[in-house]
Amino acid sequence: MTLHSSKGLEFPNVFIAGFEEGIFPSYRSILSDNPNAVEEERRLCYVGITRAKRQLYFTYARSRMQHGQTISNAPSRFLKEVPMDFIEKRKNDDSKNEEKQATFRNKAKYNPIGNKEYFTYGKIPAPKNITLDFKEGDKVRQIKYGVGVVKNIAPAGADFEVTVEFPEAGTKKFMAMLSKNTLKKI
């Protein structure tokens, strides 16, 4: 599934593969004359991160074949934006093929297997410095779905996930800050 098609959905475990410079964000956006190109991919990354209910895994290859050549890309710049407090490292000794783990409570997990590295998250912190102009039970208007009732507001890292029930469209989930121009209290 693409990150674009994951909007509004949730999954117990989410894997974001190819978390490397040149792949995510893409070379096209990195080299673009449009200064918002990387920002759009950062927003997509945020969408992916906030789809996970329990575990989030980022993977990137230390090296890969691309266009007939072996290349090595650095981990995605977005990984550096993840607070290190949430990263947990799990090491794999390839020579013995035994996994060694360092487990830290409420932190992400790091697990290199072969030439890939995996990152997962534990509990996502509540957002700071965000105020919403609506609360649970309020009616809101959304451009695409019309008028609905806010059923739940839950912390989701640097944002709030807002669950809204629409009479025609059913239950939909939105990220408050990403939807601030399309989700308004009425």
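The values are calculated or read from the model by the stated rules, or taken from the named source; none is laboratory data. Remember, it's a predicted structure, so these values are computed and weren't measured experimentally. Don't worry about glycine lacking a Cβ; one is built from the backbone with ideal geometry, like all the others, and counts go over all protein chains shown. Surface areas here come from the heavy atoms of the whole protein model, side chains and all, with no ligands, DNA or RNA. Shrake-Rupley method; radii C 1.70, N 1.55, O 1.52, S 1.80 Å.
Annotations
- Total residues in the range 162-178, condition closer than 19 Å to Ala52 by Cβ and not aliphatic (A, V, I, L, M): 5
- Filter result (open to solvent by 30 Å² or more (accessible area, probe 1.4 Å) and either within 11 Å of Leu183 (Cα to Cα) or small (Gly, Ala, Ser) (or both)) within the range 150-165: Ala158
- The strands (runs of 3 or more DSSP E) found entirely in the range 44-85 that carry 2 or more residues being farther than 15 Å from Ile23 by Cβ and either open to solvent by 40 Å² or more (accessible area, probe 1.4 Å) or basic (Lys, Arg) (or both) are 52-61.
- Cβ-Cβ under 8 Å pairs, at least 6 apart or on other chains, the range 162-186 side within 12 Å of Ile143 (Cβ to Cβ), far side in a loop (DSSP other than H, G, I, E, B) and of a type in the set (Asp, Glu): Lys184/Asp133
- Asn13 vs. criteria within 13 Å of the chain's Cα centre (by Cα), open to solvent by 60 Å² or more (accessible area, probe 1.4 Å) and under 28 Å from Lys173 (Cα atoms): yes
- From the list Arg105, Arg141, Arg90, the one residue that fits, being modelled with pLDDT of 85 or more and open to solvent by 30 Å² or more (accessible area, probe 1.4 Å), is Arg141.
- Glu117 meets each of the listed conditions (1) at pLDDT below 80; (2) in a strand (DSSP E or B); (3) out of contact with any Pro (no Cβ under 9 Å at 6 or more places or on another chain) apart from (3).
- The one condition from (1) in a helix (DSSP H, G or I); (2) over 17 Å from Arg77 (Cα atoms) that Glu40 does not meet is (2).
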